[in-house]
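Visitor: The structure follows.
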Amino acid sequence: MTDLTSTDLANLEAQIIADVATANDEAALEAVRVAALGKKGSISALLATLGKMSPDERKTQGAAINQAKDKVGQALAARRDVLKSAALDARLAAETIDVTLPLREPATEAGRIHPLSQVWDELTTIFADMGFSVAEGPDVETDDYNFTKLNFPVGHPAREMHDTFFFHPKEDGSRMLLRTHTSPVQVRTMLSQKPPIRVICPGRTYRIDSDATHTPQFHQVEGLVIDKSSHLGHLKWILHEFCKAFFEVDHINMRFRPSFFPFTEPSLEVDIQCRRDKGEIRFGEGEDWLEILGCGMVHPNVLRACGIDPDEYQGFAWGMGIDRIAMLKYGIADLRQLFDSDVRWLSHYGFKPLEVPTLAGGLSS
């Protein structure tokens, strides 16, 4: 082998090793390997010429070419190890987990059910156990269903007690409104079903009022029983059983006071026994009383307006604020907090999604 040949081989080797050193990733390194050692690579081409040489030249130049091949192979292997190590370091840096931080809660643990939804489920569970079904109706009602069929004649002062949201008059002069109570659902039920009837009517209601204990939109649940022999004794038992189950006490005294509602006669306000101590209210003990709901026997005029003969059927109804009983049970001080959408507040007062209330497993456990 001549000096020129030796120089050319050394230059080729040096160029290939330089290309190996500047390869930035494994793909670029593979391209260098193919260009040098592939079937059509520069060093492979030199090896292919050995067959045309004399034995002495083959012995001399073959050793030099193979030595260059080995050096290139070693350089490729070393560079490949460097690139793999760099790639691993970059991946570790990008996927670093700080094991000193607490684990993130899964969605089923981080999410919370709003207290109003919880109480809605609780009261539905309790009344369902007594044989009640759930009835629903539209939030936008007619004056006839919201007032007239409930024994509120036009001009009756009781209409003014409701501070109603009215819509603009229609061409015929009638005005739709946002229902002020869920009693229109009772009307719709009596018009669509034949007695006996046993339903509860939970839902949203609306009145123009706003302070610590009132909001323009709130929630009510009303109950209705229509039968041939229903009476106030049945009503008192239902309310007593509900209060025991809802407030989770073995016994609770109740006081019924005469009152007035256009749609019931006689009408009653219901107080429950409680004890006020250090800003807390405990039910089923103490000597204090707290008003919780209104009730009474369905007025005969309401039955007639709904196509039910009051000489054959009678019934009773009651209504209470879902927001109010939620505040009482879970110690919520301000009604407006129920609608503030404060995640911190909800994480404190809310319930985990899998805490489904049941009479068998407990309502608030």
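The values are calculated or read from the model by the stated rules, or taken from the named source; none is laboratory data. It should be emphasised that the depicted structure is a prediction, and the values quoted were computed from it without experimental measurement. Note: ideal-geometry Cβ built from the backbone for every residue, glycine included; neighbour counts use all protein chains shown. Please note that ligands, DNA and RNA were not included when accessible areas were found on the heavy atoms of the full protein model with its side chains. Shrake-Rupley method; radii C 1.70, N 1.55, O 1.52, S 1.80 Å.
Visitor: Can you name every residue in segment 246-268 that is open to solvent by 30 Å² or more (accessible area, probe 1.4 Å) and of a type outside the set (F, W, Y)?
Guide: Pass one, segment 246-268, residues open to solvent by 30 Å² or more (accessible area, probe 1.4 Å): 248-251, 253-261, 263, 265-266.
The answer is E248, V249, D250, H251, N253, M254, R255, R257, P258, S259, E265, P266.
Visitor: Only one of (1) loosely packed, with under 15 Cβ neighbours inside 10 Å; (2) free of Cβ contacts under 8 Å to residues at least 40 places away in the same chain fails for E312. Which number is that?
Guide: Every condition holds for E312 apart from (2).
Visitor: Among the residues of segment 305-314, are any modelled with pLDDT of 90 or more, charged (D, E, K, R) and in contact with a Leu (Cβ under 8 Å, 6 or more places away or on another chain)?
Guide: Scanning segment 305-314, I find at least one residue that is modelled with pLDDT of 90 or more, charged (D, E, K, R) and in contact with a Leu (Cβ under 8 Å, 6 or more places away or on another chain), so the answer is yes.
Visitor: To continue, here is another question. Filter segment 12-29 for residues that are among the aliphatic types (A, V, I, L, M) and under 11 Å from A75 (Cβ atoms) and give the result.
Guide: A14, I16, I17, A18, V20, A21, A23, L29
Visitor: Residues in segment 277-287: is at least one without any contact (Cβ under 8 Å) to a residue 12 or more places away in the chain and not in a strand (DSSP E or B)?
Guide: Here is the first cut: in segment 277-287, the residues without any contact (Cβ under 8 Å) to a residue 12 or more places away in the chain are 277-279, 282.
Subset that is not in a strand (DSSP E or B): 278-279.
Within segment 277-287 (the criterion being without any contact (Cβ under 8 Å) to a residue 12 or more places away in the chain and not in a strand (DSSP E or B)), the answer is yes, since at least one residue qualifies.
Visitor: Hey, another quick one. Can you pull out the residues in segment 300-336 that are in contact with a helix residue (DSSP H, G or I) (Cβ under 8 Å, 6 or more places away or on another chain) and over 25 Å from I252 (Cβ atoms)?
Guide: Residues satisfying the conditions are V302, L303, A305, C306, G307, I308, D309, P310, Y313, Q314.
Visitor: Scanning segment 25-57 for residues that are without any contact (Cβ under 8 Å) to a residue 12 or more places away in the chain and not in a helix (DSSP H, G or I), which turns out surrounded by the most Cβ atoms within 10 Å (Cβ to Cβ)?
Guide: G41
Yes or no, residue by residue, for (1) assigned to a loop (DSSP other than H, G, I, E, B); (2) in contact with a helix residue (DSSP H, G or I) (Cβ under 6 Å, 6 or more places away or on another chain):
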{"site": "V221", "(1), (2)": "no, yes"}
{"site": "H234", "(1), (2)": "no, no"}
{"site": "F242", "(1), (2)": "no, yes"}
{"site": "I252", "(1), (2)": "yes, yes"}
{"site": "S259", "(1), (2)": "no, no"}
{"site": "E269", "(1), (2)": "no, no"}
{"site": "C274", "(1), (2)": "no, no"}
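Visitor: Please go through (1) without any contact (Cβ under 8 Å) to a residue 60 or more places away in the chain; (2) surrounded by fewer than 16 Cβ atoms within 10 Å (Cβ to Cβ) for G307 and return the number of the only condition it doesn't satisfy.
Guide: Unmet condition: (1).
Visitor: While we're on this one: Select, from E291, E265, E287, the only residue that is more than 37 Å from the chain's Cα centre (by Cα), among the acidic types (D, E) and within 20 Å of G319 (Cβ to Cβ).
Guide: When all the criteria are applied, what remains is E265.
Visitor: For the structure I just gave you, tell me whether V99 is closer than 30 Å to L12 by Cα, out of contact with any helix residue (DSSP H, G or I) (no Cβ under 8 Å at 6 or more places or on another chain) and surrounded by fewer than 14 Cβ atoms within 10 Å (Cβ to Cβ).
Guide: It is false that V99 is closer than 30 Å to L12 by Cα, out of contact with any helix residue (DSSP H, G or I) (no Cβ under 8 Å at 6 or more places or on another chain) and surrounded by fewer than 14 Cβ atoms within 10 Å (Cβ to Cβ).
Visitor: Do you know which residues across segment 232-259 are touching a residue at least 40 places away in the same chain (Cβ under 8 Å) and in contact with a Ser or Thr (Cβ under 9 Å, 6 or more places away or on another chain)?
Guide: Within segment 232-259, A245, E248 qualify.
Visitor: Given the criteria open to solvent by 50 Å² or more (accessible area, probe 1.4 Å), within 13 Å of V72 (Cβ to Cβ) and either at pLDDT 85 or above or of a type in the set (A, V, I, L, M) (or both), does L9 qualify?
Guide: no
Visitor: Oh, and also: Which condition number in (1) under 30 Å from R282 (Cβ atoms); (2) surrounded by fewer than 14 Cβ atoms within 10 Å (Cβ to Cβ); (3) touching a strand residue (DSSP E or B) at 6+ places or on another chain (Cβ under 9 Å); (4) of a type outside the set (K, R) is the one that G233 fails?
Guide: Condition (3) is where G233 drops out.
Visitor: Right, another one. So which residues in segment 113-139 are touching a helix residue (DSSP H, G or I) at 6+ places or on another chain (Cβ under 7 Å), open to solvent by 40 Å² or more (accessible area, probe 1.4 Å) and not in a helix (DSSP H, G or I)?
Guide: H114, V134, E136
Visitor: Looking at segment 200-227, which of its residues are modelled with pLDDT of 95 or more and over 27 Å from the mean Cα position of the chain (by Cα)?
Guide: G223, L224, V225, I226, D227
Visitor: Follow-up. What number goes with the only condition from (1) open to solvent by less than 70 Å² (accessible area, probe 1.4 Å); (2) more than 30 Å from I208 (Cβ to Cβ); (3) under 33 Å from the mean Cα position of the chain (by Cα) that L76 does not pass?
Guide: Result: L76 passes all but (3).
Visitor: Do we find that I272 is hydrophobic (A, V, I, L, M, F, W, C), free of Cβ contacts under 8 Å to residues at least 60 places away in the same chain and open to solvent by 10 Å² or more (accessible area, probe 1.4 Å) in this structure?
Guide: Spelling it out, it is not the case that I272 is hydrophobic (A, V, I, L, M, F, W, C), free of Cβ contacts under 8 Å to residues at least 60 places away in the same chain and open to solvent by 10 Å² or more (accessible area, probe 1.4 Å).
Visitor: With the requirement that a residue be in a helix (DSSP H, G or I), in contact (Cβ under 8 Å) with a residue 60 or more places away in the chain and of a type in the set (V, I, T), what does segment 144-203 give you? Steps first, please.
Guide: Step one: of segment 144-203, the residues in a helix (DSSP H, G or I) are 144-146, 148-150, 157-162, 183-192.
Then keep just the ones that are in contact (Cβ under 8 Å) with a residue 60 or more places away in the chain; that gives 148-150, 158, 183, 186-187, 190-191.
Passing the criteria: T148, V187.
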